[in-house]
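**Student:** Dropping the structure in here first, questions after.
The values are calculated or read from the model by the stated rules, or taken from the named source; none is laboratory data. If you're wondering where the values come from, they're calculated on a predicted model, not measured in any experiment. In this analysis, Cβ positions are derived from the backbone assuming ideal geometry, glycine residues included, and neighbour counts consider all displayed protein chains. In case anyone asks, the SASA skips ligands and DNA or RNA and just uses the protein heavy atoms, side chains included. Shrake-Rupley method; radii C 1.70, N 1.55, O 1.52, S 1.80 Å.
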Amino acid sequence: MSIFDKTANYTDRELILRIKLGDTKSYERLFMRYYPRFRVFVLRFIREEATTEDILQNIFLKLWINRHSLQEDLSVTAYIFVLAKNEIYNYLRYKRTHITAPYEEQLFSGTLSVPGVDREYDYTELEANLQAAIDELPAKRREIFRLNRYEFKSAKEIAEMLGLSVRTVEKQIELSLRHIRNKLGPTMMMLLPLINLIISL
């Protein structure tokens, strides 16, 4: 794709509108925008490069096949997350005899639960609890956390962006995680990969 391709500056809404009309360039742009993030997400659970690639191809193929039914105000991240969740769950169910961690399938069932938790957390509640913990962070620490966890930037990249030392950035990330862990508890921290991609700060 040319570096001068104007789709690079389109919002998600603009891309969706064009994809609904069958614009392949906009589809390619959306793919490039979201593929890297969701590759990291799927790989966390599948742990197999080839299978991860297959799952991602299925996800974006379904998005294209169902393009005519996409809503203009669609949250693309949330939509792809749902597709990814279903693909991962179906794969884990298919491979259930080879899964060593029984709770993995529970993560993708109707409600989110893990062993050792007295009650089940639905997604909305878990998201709200995490967001509340993040909102309590000081502004600069929250920004560093967002860049690291939601935009997947390294400590070095963040340090260069914000004019800070790498050590300072690393410390701020450490303090953020400690705060969130204290708020959610260590067991709930296992669910963070599920919600990191769809929190809006």
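**Student:** All but one of (1) under 29 Å from LYS153 (Cβ atoms); (2) of a type outside the set (D, E, K, R); (3) exposed (fewer than 13 other Cβ atoms within 10 Å of the Cβ); (4) more than 18 Å from the chain's Cα centre (by Cα) hold for PRO36; which doesn't?
**Tutor:** Answer for PRO36: the failing condition is (4).
**Student:** Here's something else I'd like to know. Given the structure, is ILE158 modelled with pLDDT of 85 or more and open to solvent by less than 30 Å² (accessible area, probe 1.4 Å)?
**Tutor:** The answer is yes for ILE158.
**Student:** Is the range 114-123 home to any residue that is part of a helix (DSSP H, G or I), at pLDDT below 50 and over 27 Å from VAL76 (Cα atoms)?
**Tutor:** Scanning the range 114-123 turns up no residue that is part of a helix (DSSP H, G or I), at pLDDT below 50 and over 27 Å from VAL76 (Cα atoms).
**Student:** Return a yes/no flag: does the range 39-61 have any residue that is closer than 24 Å to LYS6 by Cα and modelled with pLDDT of 90 or more.
**Tutor:** yes
**Student:** Within the range 54-70, count every residue that is out of contact with any helix residue (DSSP H, G or I) (no Cβ under 8 Å at 6 or more places or on another chain) and in a helix (DSSP H, G or I).
**Tutor:** Counting residues in the range 54-70 that are out of contact with any helix residue (DSSP H, G or I) (no Cβ under 8 Å at 6 or more places or on another chain) and in a helix (DSSP H, G or I) gives 5.
**Student:** Further question on the same structure: Could you look through the range 162-183, keep only residues that are polar (S, T, N, Q) and either in contact (Cβ under 8 Å) with a residue 12 or more places away in the chain or in contact with a Ser or Thr (Cβ under 9 Å, 6 or more places away or on another chain) (or both), and pick out the one that is surrounded by the fewest Cβ atoms within 10 Å (Cβ to Cβ)?
**Tutor:** Going through the qualifying residues, I end up with SER176.
**Student:** What's the total number of residues in the range 1-10 that are aromatic (Phe, Trp, Tyr) and either surrounded by fewer than 14 Cβ atoms within 10 Å (Cβ to Cβ) or at pLDDT 95 or above (or both)?
**Tutor:** Selection size over the range 1-10: 1.
**Student:** Same structure, new question: Being farther than 18 Å from LEU83 by Cα, open to solvent by 20 Å² or more (accessible area, probe 1.4 Å) and in contact (Cβ under 8 Å) with a residue 40 or more places away in the chain is the requirement here; does ARG13 meet it?
**Tutor:** Yes, satisfied.
**Student:** Another one. Please find, among THR51, THR77, THR7, the residue that is assigned to a helix (DSSP H, G or I) and within 24 Å of SER154 (Cα to Cα).
**Tutor:** Selected residue: THR77, the only one of THR51, THR77, THR7 that is assigned to a helix (DSSP H, G or I) and within 24 Å of SER154 (Cα to Cα).
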